[in-house]
Amino acid sequence: METVFCCLLRLTTIGYVKSITRQVNHFAADRGLFTGEPPTTKFLRNQKIDNKRLRYLEPEEADRLLAELRKHTEQSYRMALLSLNSGMRFGEIAALRWQHVNAGRRKIIIVDPKNGQSRSVFMTEAVVSMFSEMPRGRQDEIIFSEGRTGQNNGPTKRHLRPCCRCPWT
């Protein structure tokens, strides 16, 4: 029966149902309405929910996304290109400074990432080409900054809204 549930409901929904069922059983037991082992004990024991999404864009989808982004804003296009070619998270790209990019060795150093362990990523030919086309700033300057503030707020809804009209399959 749980297999049927997995096919029909998202795993988080199953987690919510299990939690509510557990609460109802505890409520009934606390008020003497139910005695014995709750019927959900075996069902709920050691149930772990894997809620990770694992989906990658097909090359054609990535090309369409990049083409659509480029029509609207070059910066969002470049950030998406870097993410698609390196696997970097948005926060890592937003914090990227010129001192972290070594085009000669084709490496980008990611400092202070989400997991706390600095690492380096390989630059593909597309990324090397992208960086070579960009005007190089000071070493300590954020690469994808917004105007004079020097901060990066990332692609805004204004940038991404037109791209959502892409005919995704």
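Set the Förster radius R0 to 45 Å, insert the Cβ-Cβ distance between Arg70 and Thr13 as r into 1/(1 + (r/R0)^6), and round the FRET efficiency to 0.05. Don't skip to the end; give the middle numbers.
Values: r = 38 Å, r/R0 = 0.84.
In this case the efficiency is close to 0.75.
Sorted by average packing, counted as other Cβ atoms within 10 angstrom per residue and highest first, what order do 102-109, 113-120 take?
On the way: 102-109: 13.4, 113-120: 10.1.
Taking the mean over residues of other Cβ atoms within 10 Å, the ranking is 102-109, 113-120.
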Check Ile110: other-chain or 5+ apart residues with amide H under 5 Å from its amide H, H built from backbone geometry? Arg119, Ser120, Val121
Suppose each label sits 7 Å from its Cα in the direction of the beta carbon; what would the Thr124-Arg97 distance come out to in nanometres? 2.8 nm
Taking only the alpha carbons of segment 66-109, what extent do you get along each of the three principal axes, in Å, biggest first? 30, 21, 17
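Laboratory data are not the source of any read-out in this text; all were calculated from the coordinates shown. Treat the numbers as computed from the prediction; the structure is a model and nothing was measured. Cβ coordinates were reconstructed from backbone atoms using ideal geometry, including for glycine residues, and neighbour counts include every protein chain displayed.
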